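Step one of this worksheet: look at the structure below.
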């Protein structure tokens, strides 16, 4: 789109279905690379990506030619297929329905990058679910408990 200039920084967060701890350290770097490739092939910029066993954080520079929902659906579909093809999980792998997306100003980019890089240390103090609910509240997003990432009972 000629004469279109944007600066859109979005942190995307989504969970493994039922928040199961299926993302293993032995292959999570390969997952990050695979997802980075998907995002780059869609002409967006990956600023930072990191995962925990039950969820992932992806921080991107979003270009306006594609909707965020379309990009996330593409990432989830293709990465799920790839995980299954590579046989990384002994049990069936799927991403939870839905996602969180949070926008940041340019001056906060380095802070968000560090935050995502330090997920392991951060989650020693706060669970994913606590963090997610706090972030939704901090951003003024209305949410309802039944629609928060479900846990396998």
*Name, by its number, the condition in (1) over 22 Å from residue 122 (Cβ atoms); (2) out of contact with any strand residue (DSSP E or B) (no Cβ under 8 Å at 6 or more places or on another chain); (3) crowded, with 16+ Cβ neighbours inside 10 Å that does not hold for residue 17.*
(2)
*Please tell me if residue 34 is touching a residue at least 12 places away in the same chain (Cβ under 8 Å), out of contact with any strand residue (DSSP E or B) (no Cβ under 8 Å at 6 or more places or on another chain) and in a helix (DSSP H, G or I).*
yes
_Conditions first: (1) part of a helix (DSSP H, G or I); (2) surrounded by 12 or more Cβ atoms within 10 Å (Cβ to Cβ). Residue 89 passes all but one, so which condition is the exception?_
(1)
*Could you tell me whether any residue of region 37-45 is on the phi > 0 side of the Ramachandran plot, at pLDDT 95 or above and either crowded, with 18+ Cβ neighbours inside 10 Å or not in a strand (DSSP E or B) (or both)?*
yes
*asked:* I'd like to know if region 101-115 contains one or more residues that are more than 19 Å from residue 9 (Cα to Cα) and loosely packed, with under 12 Cβ neighbours inside 10 Å.
replied: no
*Is region 49-65 home to any residue that is assigned to a helix (DSSP H, G or I) and over 25 Å from residue 120 (Cα atoms)?*
no
_Checking residue 64 against (1) out of contact with any strand residue (DSSP E or B) (no Cβ under 7 Å at 6 or more places or on another chain); (2) in contact (Cβ under 8 Å) with a residue 12 or more places away in the chain; (3) surrounded by 13 or more Cβ atoms within 10 Å (Cβ to Cβ), the condition it does not meet_ = (3)
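What number of residues within region 72-86 are touching a residue at least 40 places away in the same chain (Cβ under 8 Å) and either part of a strand (DSSP E or B) or within 18 Å of the chain's Cα centre (by Cα) (or both)? Spell out the reasoning first.
Applying the first criterion (touching a residue at least 40 places away in the same chain (Cβ under 8 Å)) to region 72-86 yields 72, 75-76, 78-79, 82-83, 86.
Add one more test, that the residue is either part of a strand (DSSP E or B) or within 18 Å of the chain's Cα centre (by Cα) (or both), and what stays is 72, 75-76, 78-79, 82-83.
The number of residues fulfilling the criteria is 7.
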*Scan region 8-24 for residues that are modelled with pLDDT under 95 and part of a loop (DSSP other than H, G, I, E, B) and jot them down.*
20, 21
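The values are calculated or read from the model by the stated rules, or taken from the named source; none is laboratory data. On a predicted model such as this, the values are computed, not experimentally measured, just so you know. Cβ: placed from backbone, ideal geometry, glycine included. Neighbour counts: every protein chain shown.
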